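> Dumping the structure here so I can ask a few things about it.
The values are calculated or read from the model by the stated rules, or taken from the named source; none is laboratory data. Nothing here was measured: the structure is a model prediction, and the numbers come from that model. Note: ideal-geometry Cβ built from the backbone for every residue, glycine included; neighbour counts use all protein chains shown. Note: accessible area is taken over every heavy atom of the protein model, side chains too, but ligands, DNA and RNA are not part of it. Shrake-Rupley method; radii C 1.70, N 1.55, O 1.52, S 1.80 Å.
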Amino acid sequence: MRHRDLVSEDTIGGKPVFVFERHNYALIPWARIARANRGAVRLLTLDYHTDTRPAFVGYACQQFRHHIAKPEEWSPLASSEIATILVEDDESVEVAVTRLRHDEHIDAAVRSGILDLAFVVANQDHGHIVSNEQLALNRVLGPGLTIATDGGPITIHLPRQAEPPFTYTIPDNRIVVLPRRHDYLWLEGDEDDRGYRDSAVDSRFLAERLELIDTICSTAAVPGLFERPFVLDIDLDYFNTQRSISPGDTQVFHDLIHRAEAITIARETTCVESCQLEGEGLTSAFLEQKVKMHIAAALAG
(Lines give C-alpha, C1' and ligand atoms only; values in the text may rest on other atoms or scores of the structure.)
Protein backbone atom coordinates (compact mmCIF):
# COMPACT_ATOMS: atom_id res chain seq x y z
CA MET A 1 0.00 0.00 0.00
CA ARG A 2 1.25 3.47 -0.89
CA HIS A 3 1.43 5.81 2.07
CA ARG A 4 -0.77 8.33 0.28
CA ASP A 5 -3.53 5.70 0.45
CA LEU A 6 -3.50 6.14 4.22
CA VAL A 7 -4.80 9.69 3.68
CA SER A 8 -8.50 9.86 2.82
CA GLU A 9 -9.75 12.79 0.79
CA ASP A 10 -13.29 14.08 0.72
CA THR A 11 -15.03 17.21 -0.48
CA ILE A 12 -17.53 18.85 1.84
CA GLY A 13 -19.36 21.90 0.55
CA GLY A 14 -16.70 22.26 -2.14
CA LYS A 15 -13.86 22.27 0.42
CA PRO A 16 -11.11 19.61 0.29
CA VAL A 17 -10.94 17.69 3.57
CA PHE A 18 -8.09 15.24 4.26
CA VAL A 19 -8.16 12.76 7.15
CA PHE A 20 -5.37 10.51 8.44
CA GLU A 21 -4.52 8.68 11.65
CA ARG A 22 -0.99 9.90 12.41
CA HIS A 23 -0.25 13.60 12.25
CA ASN A 24 3.00 13.23 10.29
CA TYR A 25 0.87 12.10 7.31
CA ALA A 26 -0.30 15.71 7.04
CA LEU A 27 2.84 16.31 4.98
CA ILE A 28 1.22 14.50 2.03
CA PRO A 29 -1.88 16.73 1.64
CA TRP A 30 0.05 19.85 2.66
CA ALA A 31 2.47 19.26 -0.22
CA ARG A 32 -0.45 18.73 -2.60
CA ILE A 33 -2.09 21.97 -1.44
CA ALA A 34 1.17 23.91 -1.82
CA ARG A 35 1.62 22.50 -5.32
CA ALA A 36 -1.91 23.54 -6.27
CA ASN A 37 -1.18 27.06 -4.98
CA ARG A 38 2.21 27.18 -6.74
CA GLY A 39 4.03 28.00 -3.54
CA ALA A 40 4.25 27.60 0.20
CA VAL A 41 1.03 28.04 2.16
CA ARG A 42 0.30 29.08 5.73
CA LEU A 43 -0.83 26.78 8.53
CA LEU A 44 -3.17 27.34 11.44
CA THR A 45 -3.16 24.21 13.58
CA LEU A 46 -5.37 23.37 16.56
CA ASP A 47 -3.71 20.71 18.71
CA TYR A 48 -3.23 19.52 22.25
CA HIS A 49 0.56 19.44 21.71
CA THR A 50 2.71 22.11 20.08
CA ASP A 51 4.37 19.70 17.59
CA THR A 52 7.55 21.78 17.27
CA ARG A 53 10.24 19.08 17.39
CA PRO A 54 13.00 19.47 14.77
CA ALA A 55 12.37 17.36 11.71
CA PHE A 56 14.07 13.96 11.45
CA VAL A 57 15.84 14.18 14.80
CA GLY A 58 14.29 10.86 15.82
CA TYR A 59 15.23 9.13 12.57
CA ALA A 60 18.75 10.56 12.66
CA CYS A 61 19.31 9.43 16.23
CA GLN A 62 18.19 5.93 15.26
CA GLN A 63 20.92 5.82 12.67
CA PHE A 64 23.42 6.31 15.49
CA ARG A 65 21.71 3.45 17.39
CA HIS A 66 20.96 5.51 20.46
CA HIS A 67 18.00 7.65 21.43
CA ILE A 68 19.90 10.78 22.37
CA ALA A 69 22.53 12.06 19.97
CA LYS A 70 24.40 15.33 20.02
CA PRO A 71 23.10 18.05 17.63
CA GLU A 72 26.36 17.96 15.70
CA GLU A 73 25.65 14.28 15.04
CA TRP A 74 21.99 14.37 14.02
CA SER A 75 21.73 17.83 12.45
CA PRO A 76 23.64 17.11 9.19
CA LEU A 77 21.65 13.93 8.55
CA ALA A 78 18.38 15.68 9.34
CA SER A 79 19.27 18.50 6.94
CA SER A 80 20.05 16.01 4.18
CA GLU A 81 16.63 14.41 4.70
CA ILE A 82 14.96 17.81 4.38
CA ALA A 83 16.78 18.37 1.09
CA THR A 84 15.19 15.24 -0.40
CA ILE A 85 11.63 16.56 0.07
CA LEU A 86 10.37 17.97 -3.22
CA VAL A 87 6.94 19.60 -3.23
CA GLU A 88 6.26 18.43 -6.77
CA ASP A 89 7.30 14.83 -6.09
CA ASP A 90 4.76 12.76 -4.16
CA GLU A 91 7.18 9.88 -3.69
CA SER A 92 9.78 12.06 -1.97
CA VAL A 93 7.11 13.33 0.42
CA GLU A 94 5.92 9.79 1.18
CA VAL A 95 9.46 8.66 1.99
CA ALA A 96 9.83 11.64 4.33
CA VAL A 97 6.60 10.71 6.11
CA THR A 98 7.97 7.25 6.97
CA ARG A 99 11.03 8.85 8.57
CA LEU A 100 9.26 11.51 10.60
CA ARG A 101 8.57 10.82 14.26
CA HIS A 102 6.10 12.39 16.65
CA ASP A 103 5.69 16.17 16.42
CA GLU A 104 8.26 16.71 13.62
CA HIS A 105 5.93 17.32 10.67
CA ILE A 106 5.53 21.11 10.93
CA ASP A 107 9.26 21.76 10.99
CA ALA A 108 9.71 19.41 8.02
CA ALA A 109 7.01 21.23 6.07
CA VAL A 110 8.44 24.69 6.81
CA ARG A 111 12.04 23.78 6.04
CA SER A 112 11.12 22.03 2.80
CA GLY A 113 9.09 24.97 1.49
CA ILE A 114 5.68 23.35 1.81
CA LEU A 115 4.66 25.81 4.53
CA ASP A 116 5.68 29.45 4.73
CA LEU A 117 4.63 30.08 8.34
CA ALA A 118 2.77 28.08 10.97
CA PHE A 119 0.59 29.29 13.85
CA VAL A 120 -0.05 26.83 16.67
CA VAL A 121 -3.03 27.07 19.03
CA ALA A 122 -2.49 24.34 21.60
CA ASN A 123 -3.37 23.25 25.10
CA GLN A 124 0.35 23.17 25.80
CA ASP A 125 2.42 26.25 25.00
CA HIS A 126 6.07 25.20 25.39
CA GLY A 127 8.30 27.71 23.61
CA HIS A 128 5.45 30.13 22.95
CA ILE A 129 6.14 33.50 21.36
CA VAL A 130 7.02 36.36 23.71
CA SER A 131 6.78 40.05 22.84
CA ASN A 132 9.94 42.01 22.11
CA GLU A 133 9.10 44.26 25.05
CA GLN A 134 8.86 41.33 27.47
CA LEU A 135 12.11 39.84 26.17
CA ALA A 136 13.88 43.15 26.78
CA LEU A 137 12.42 43.40 30.27
CA ASN A 138 13.45 39.82 31.05
CA ARG A 139 17.06 40.85 30.60
CA VAL A 140 16.73 43.38 33.41
CA LEU A 141 16.38 42.18 36.99
CA GLY A 142 13.11 43.08 38.64
CA PRO A 143 12.71 44.42 42.19
CA GLY A 144 14.24 42.19 44.83
CA LEU A 145 12.33 40.46 47.59
CA THR A 146 14.54 39.58 50.56
CA ILE A 147 13.50 36.62 52.69
CA ALA A 148 15.10 35.10 55.79
CA THR A 149 16.43 31.54 55.66
CA ASP A 150 18.45 29.38 58.05
CA GLY A 151 21.49 30.23 55.99
CA GLY A 152 20.83 33.95 56.15
CA PRO A 153 18.81 36.40 54.04
CA ILE A 154 18.49 35.77 50.30
CA THR A 155 17.07 38.05 47.62
CA ILE A 156 14.71 36.81 44.93
CA HIS A 157 14.28 38.99 41.86
CA LEU A 158 10.65 38.94 40.80
CA PRO A 159 9.74 38.84 37.10
CA ARG A 160 8.32 42.03 35.68
CA GLN A 161 5.49 42.30 33.20
CA ALA A 162 5.83 44.52 30.14
CA GLU A 163 3.00 46.89 29.32
CA PRO A 164 1.29 47.03 25.90
CA PRO A 165 1.43 47.83 23.07
CA PHE A 166 3.53 44.82 22.10
CA THR A 167 5.62 44.03 19.04
CA TYR A 168 6.85 40.65 17.88
CA THR A 169 9.56 38.95 15.86
CA ILE A 170 8.87 35.80 13.85
CA PRO A 171 10.91 32.88 15.31
CA ASP A 172 13.76 31.51 13.22
CA ASN A 173 11.91 28.22 12.74
CA ARG A 174 8.83 30.14 11.52
CA ILE A 175 6.57 28.22 13.91
CA VAL A 176 4.61 30.65 16.09
CA VAL A 177 3.23 28.99 19.22
CA LEU A 178 0.61 31.19 20.83
CA PRO A 179 0.71 31.53 24.63
CA ARG A 180 -2.03 29.76 26.53
CA ARG A 181 -4.90 31.99 27.59
CA HIS A 182 -5.82 32.42 31.24
CA ASP A 183 -9.37 33.72 31.03
CA TYR A 184 -10.68 31.57 33.83
CA LEU A 185 -8.78 32.98 36.79
CA TRP A 186 -11.96 33.16 38.87
CA LEU A 187 -12.00 29.37 38.72
CA GLU A 188 -9.56 27.26 40.67
CA GLY A 189 -7.42 24.23 39.86
CA ASP A 190 -9.21 21.66 37.73
CA GLU A 191 -12.09 24.01 37.02
CA ASP A 192 -9.70 26.56 35.50
CA ASP A 193 -8.28 23.82 33.27
CA ARG A 194 -11.74 22.63 32.23
CA GLY A 195 -12.78 26.17 31.36
CA TYR A 196 -9.81 26.50 29.03
CA ARG A 197 -10.44 23.16 27.35
CA ASP A 198 -14.15 23.84 26.94
CA SER A 199 -13.33 26.99 24.95
CA ALA A 200 -11.40 25.14 22.19
CA VAL A 201 -13.41 26.47 19.23
CA ASP A 202 -15.62 28.96 21.02
CA SER A 203 -15.89 32.24 19.09
CA ARG A 204 -14.65 34.48 21.90
CA PHE A 205 -11.55 32.33 22.39
CA LEU A 206 -10.70 31.99 18.69
CA ALA A 207 -11.33 35.68 18.00
CA GLU A 208 -8.75 36.60 20.61
CA ARG A 209 -6.28 34.11 19.12
CA LEU A 210 -6.79 35.61 15.66
CA GLU A 211 -6.36 39.12 17.04
CA LEU A 212 -3.00 38.10 18.52
CA ILE A 213 -1.96 36.51 15.21
CA ASP A 214 -2.85 39.76 13.45
CA THR A 215 -0.74 41.76 15.92
CA ILE A 216 2.19 39.38 15.49
CA CYS A 217 2.03 39.61 11.70
CA SER A 218 1.58 43.38 11.52
CA THR A 219 4.37 44.21 13.98
CA ALA A 220 6.71 41.62 12.45
CA ALA A 221 6.02 43.08 8.98
CA VAL A 222 4.73 39.84 7.44
CA PRO A 223 1.42 39.35 5.60
CA GLY A 224 -1.54 38.51 7.81
CA LEU A 225 -2.97 35.03 8.12
CA PHE A 226 -5.76 35.73 5.65
CA GLU A 227 -3.47 37.48 3.15
CA ARG A 228 -1.99 34.15 2.03
CA PRO A 229 -3.62 30.78 1.33
CA PHE A 230 -3.76 28.80 4.58
CA VAL A 231 -4.62 25.30 5.72
CA LEU A 232 -6.76 24.76 8.81
CA ASP A 233 -5.24 21.73 10.52
CA ILE A 234 -7.05 19.99 13.37
CA ASP A 235 -5.62 17.29 15.61
CA LEU A 236 -8.63 15.66 17.25
CA ASP A 237 -6.80 15.43 20.59
CA TYR A 238 -7.36 19.21 20.77
CA PHE A 239 -10.91 18.42 21.95
CA ASN A 240 -10.84 17.22 25.55
CA THR A 241 -14.46 17.69 26.65
CA GLN A 242 -17.90 17.16 25.13
CA ARG A 243 -18.50 20.91 25.32
CA SER A 244 -15.26 21.70 23.49
CA ILE A 245 -16.58 20.24 20.23
CA SER A 246 -20.09 21.73 20.69
CA PRO A 247 -19.70 25.29 22.04
CA GLY A 248 -22.53 27.77 22.11
CA ASP A 249 -21.00 30.12 19.52
CA THR A 250 -19.12 28.68 16.50
CA GLN A 251 -19.25 31.67 14.15
CA VAL A 252 -15.49 32.31 14.18
CA PHE A 253 -14.65 28.61 13.81
CA HIS A 254 -17.00 28.36 10.86
CA ASP A 255 -15.48 31.49 9.32
CA LEU A 256 -12.02 29.87 9.57
CA ILE A 257 -13.37 26.79 7.83
CA HIS A 258 -14.85 28.96 5.09
CA ARG A 259 -11.61 30.92 4.54
CA ALA A 260 -9.21 27.96 4.58
CA GLU A 261 -7.89 26.48 1.34
CA ALA A 262 -8.39 23.02 2.80
CA ILE A 263 -8.93 21.21 6.09
CA THR A 264 -6.61 18.49 7.38
CA ILE A 265 -7.66 16.28 10.28
CA ALA A 266 -5.40 13.99 12.32
CA ARG A 267 -7.34 11.33 14.19
CA GLU A 268 -4.55 10.45 16.66
CA THR A 269 -6.84 7.92 18.33
CA THR A 270 -4.52 7.08 21.22
CA CYS A 271 -3.93 10.74 22.06
CA VAL A 272 -7.66 11.47 21.97
CA GLU A 273 -8.13 8.81 24.63
CA SER A 274 -5.25 9.98 26.83
CA CYS A 275 -5.65 13.77 26.57
CA GLN A 276 -9.36 14.11 27.31
CA LEU A 277 -10.65 14.86 30.78
CA GLU A 278 -11.91 11.95 32.81
CA GLY A 279 -15.47 10.85 32.14
CA GLU A 280 -15.90 12.66 28.82
CA GLY A 281 -16.14 9.49 26.72
CA LEU A 282 -14.64 10.98 23.56
CA THR A 283 -13.42 8.89 20.63
CA SER A 284 -11.66 9.94 17.45
CA ALA A 285 -14.57 8.55 15.37
CA PHE A 286 -17.06 10.70 17.28
CA LEU A 287 -14.90 13.82 17.03
CA GLU A 288 -14.22 13.29 13.33
CA GLN A 289 -17.94 13.12 12.69
CA LYS A 290 -18.53 16.27 14.74
CA VAL A 291 -15.79 18.23 12.94
CA LYS A 292 -17.20 17.19 9.56
CA MET A 293 -20.62 18.38 10.71
CA HIS A 294 -19.08 21.76 11.56
CA ILE A 295 -17.48 21.89 8.10
CA ALA A 296 -20.77 21.09 6.40
CA ALA A 297 -22.61 23.69 8.48
CA ALA A 298 -19.96 26.34 7.77
CA LEU A 299 -20.14 25.76 4.02
CA ALA A 300 -23.87 25.23 3.65
CA GLY A 301 -25.42 27.47 1.04
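> Calculate, for the range 68-120, the solvent-accessible area per residue in square angstrom, rolling a 1.4 angstrom probe over the heavy atoms of the protein chains.
Dividing the accessible area of the range 68-120 by its residue count gives 43 Å².
> Moving on. Using the per-residue mean of other Cβ atoms lying within 10 Å as a proxy for protection, in what order, highest first, do the peptides 280-289, 147-156 fall?
280-289, 147-156
> Which order do the peptides 95-102, 45-52 come out in when sorted by mean C-beta neighbours inside 10 angstrom, highest first?
45-52, 95-102
> For n ≥ 4 DSSP H runs only, could you compute -39500 (n - 2.57) per run for the chain, divide by its residues and tell me the 222 nm figure to the nearest 500?
Values: 12 runs with 116 residues, N = 301.
That calculation yields -11000 deg cm²/dmol at 222 nm.
> Quick check: pseudo-label points 7 Å beyond the Cα along Cα→Cβ at Glu280 and Lys292, how many nm apart are they?
Modelled inter-label distance: 2.1 nm.
> Now, a different point. In Å², what does the accessible area per residue of the range 168-295 work out to with a 1.4 Å probe? Intermediate results must be reported in sequence, preceding the final value.
Values: 5790 Å² over 128 residues.
With all protein chains present, the range 168-295 gives 45 Å² per residue.
> Based on DSSP, what percent of beta bridges with both residues in the chain are antiparallel, to the nearest 5?
Counting DSSP beta bridges with both partners in the chain, the antiparallel share is about 25 percent.
> Related question: With Cα extents along the principal axes in Å defined as stated, name the option among [x] 105, 37, 25; [y] 62, 46, 31; [z] 69, 50, 41 computed from the structure displayed.
Of the labelled values, this structure produces [z].
> Right, here's the next one. For Asp10, Asp103, Asp235, Asp172, what's the largest-to-smallest order of accessible area, 1.4 Å probe?
Final ranking, largest accessible area leading: Asp172, Asp10, Asp103, Asp235.
> Now for a different question. Report the relative contact order of the chain, percent, no decimals, based on alpha-carbon pairs under 8 angstrom and at least 6 residues apart.
So the answer I get is 23 percent.
> Something else: Carbon and sulfur together cover what percent of the accessible area of the chain at a 1.4 Å probe radius?
51
> For Ala26, what charge total do you get from the other residues with a beta carbon under 10 Å from its beta carbon, if Lys and Arg give +1 and Asp and Glu give -1?
Details: positive: Arg22; negative: Asp51, Asp233, Asp235.
Result for the local shell: -2.
> Using the Cβ atoms and a cut-off under 12 Å, what net charge is assigned to the surroundings of Ala296, where Lys and Arg are +1 and Asp and Glu are -1?
+2
> Given R₀ = 51 Å, what would the calculated FRET efficiency be for Asp5 paired with Ala148, taking r from the Cβ atoms and rounding to 0.05?
In this case the efficiency is close to 0.15.
> Something else now. Taking 7 Å along the Cα-to-C-beta vector as the label spot, tell me the Ser80-Ser92 distance in nanometres, rounded to one decimal.
Simple spin-label model gives 1.6 nm for this pair.
> Sticking with this one: Excluding residues on the same chain fewer than 8 positions from Lys15, give the lysines whose Cα lies under 29 Å from its Cα.
The reachable lysines, counting only those whose Cα sits under 29 Å from Lys15, are Lys290, Lys292.
> What full-extension length gain, to one decimal in nm, is calculated for Ala162 and Gln63 as 0.36 nm per residue of separation minus the Cα-Cα distance?
Contour length minus the Cα-Cα distance gives 31.1 nm.
> How high is the FRET efficiency between Asp193 and His102 when r is their beta carbon distance and R₀ equals 25 Å, given to the nearest 0.05?
0.60
> Given a Förster distance of 25 Å, report the FRET efficiency between Leu135 and Thr155 from their Cβ-Cβ distance, rounded to the nearest 0.05. List each step's numbers first, then the result.
Numbers: r = 23 Å, r/R0 = 0.93.
E(calc), rounded to 0.05, equals 0.60.
> A further question follows. Using the heavy atoms of the protein chains and a 1.4 angstrom probe, tell me the accessible area per residue for the range 1-40 in square angstrom.
With the other protein chains kept in place, the range 1-40 gives 50 Å² per residue.
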